[in-house]
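Here is the structure we will look at.
The values are calculated or read from the model by the stated rules, or taken from the named source; none is laboratory data. Bear in mind that the values here come from a model prediction, so they are computed numbers and not experimental data. Here the Cβ positions follow ideal geometry from the backbone for every residue, glycine too, while neighbour counts run over all protein chains shown.
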Amino acid sequence: MMKSKNISFTFSEYESLEEIDPCDRELVLSARKAAENAYAPYSHFKVGAAVRLESGVVVSGSNVENAAFPSGICAERNALANASSNHPGDKPVALAIMAATSSGLTEDTVSPCGNCRQVIAEEEIRNGNKIRVILGSRKKIRIIESAGDLLPLQFNRNDLELTLH
């Protein structure tokens, strides 16, 4: 018999940076700075991400476009790869994302693409801890307590283990 089910999650929304925790504010500002450094000559859509590690270290990354579009890299994956490569064993605990167009910061928050959601969710599983996702914009801040909330029914290494045994 068919059953209808629902998946939902709760997130917090704030109207300004001043309302959020100072550590989260610092992370959002780092993501904004990273967005300013993005290389987006084709889309003119600049994204910055900043990861706070368990030690308190903040690592940022920005999107880098390429004329061969699949060869570009998203800000979130850039920041997480930088953190993993340069701070091995220091787990990511929060990730802030900001985006801007040629008109300035976006009015609404921008959520990670599907590839980035998969990578962030994998980081949660790999490190055994939740990663808070902080989405910033000119008009609001949204805080999601776990990256896994952005990718329900995710594919992960547990699925691979089922097929490899």
Worksheet item: With respect to the numbered conditions (1) in contact with a helix residue (DSSP H, G or I) (Cβ under 7 Å, 6 or more places away or on another chain); (2) crowded, with 17+ Cβ neighbours inside 10 Å; (3) more than 24 Å from Pro22 (Cα to Cα); (4) charged (D, E, K, R), which one is the sole condition not fulfilled by Glu122?
Response: (1)
Worksheet item: Does Ala68 fit the bill of being modelled with pLDDT under 95 and of a type in the set (Gly, Ala, Ser)?
Response: yes
Worksheet entry | Some residue of segment 92-99 being at pLDDT below 95 and within 22 Å of Arg117 (Cβ to Cβ) | no
Discussion item. Can you list residue pairs whose Cβ atoms sit under 6 Å apart, with the first residue in segment 65-85 being closer than 16 Å to Ala100 by Cβ and the second being modelled with pLDDT of 95 or more and in a helix (DSSP H, G or I)? Count only pairs 6 or more apart in sequence or on different chains.
Written reply: Cys74/Cys116; Glu76/Cys116
Worksheet item: Would you pick out the residues in segment 126-165 that are part of a strand (DSSP E or B) and touching a Phe, Trp or Tyr at 6+ places or on another chain (Cβ under 7 Å)?
Response: Ile141, Arg142, Ile143, Ile144
Worksheet, complete the sentence: The condition from (1) of a type outside the set (Asp, Glu); (2) in a loop (DSSP other than H, G, I, E, B); (3) in contact (Cβ under 8 Å) with a residue 60 or more places away in the chain that Arg32 misses is numbered (2)
Worksheet entry | Candidate set: segment 84-113, residues that are outside any strand (DSSP E or B) and within 13 Å of the chain's Cα centre (by Cα); chosen: the one farthest from Ile141 (Cα to Cα) | Cys113
Item to complete: Scan segment 43-66 residue by residue and report those that are surrounded by 15 or more Cβ atoms within 10 Å (Cβ to Cβ) and of a type in the set (S, T, N, Q).
Response: Ser60, Ser62, Asn63
Worksheet item: How about segment 1-35: which of its residues are within 15 Å of the chain's Cα centre (by Cα) and of a type in the set (S, T, N, Q)?
Response: Ser30
